[in-house]
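Colleague: Below is a structure I'd like to ask you about.
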Amino acid sequence: MVGTTQNKAEGLLDEATGRVKDAVGGATGDLGKQVDGKFDQATGKARQEFSDLYDANENAVEAATCFVRDRPLVSLLIASLVGLVIGRMVLKRCKS
């Protein structure tokens, strides 16, 4: 969790740095600085989004792990049914 918080903070910093570079480039007419600023902004936003997705997936994996640990027989039954359905789908494709 600390890593994702750090990524999010770095993303915010990249985005802020990009905004400053973009503004300075616009004020001085330096197109390269503006492009660099836009790139930093996009990088910062992407880093923040990745951090949010990682947190959401981490929570889903933790919930699934708890479910399997609390209900091993139900989990085994679900896995068996999923395997059966996938097996039937594959066999139907092979016969066609």
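The values are calculated or read from the model by the stated rules, or taken from the named source; none is laboratory data. All values derive from a computational prediction rather than experimental measurement. Cβ placement follows ideal geometry from the backbone for every residue including glycine, while neighbour counts extend to all protein chains displayed.
Colleague: What is the one condition in (1) modelled with pLDDT of 90 or more; (2) in contact with a helix residue (DSSP H, G or I) (Cβ under 9 Å, 6 or more places away or on another chain) that residue 83 does not satisfy?
Modeller: Result: residue 83 passes all but (2).
Colleague: Restricting to region 55-86, count the residues that are of a type outside the set (D, E, K, R) and farther than 26 Å from residue 5 by Cα.
Modeller: Counting residues in region 55-86 that are of a type outside the set (D, E, K, R) and farther than 26 Å from residue 5 by Cα gives 17.
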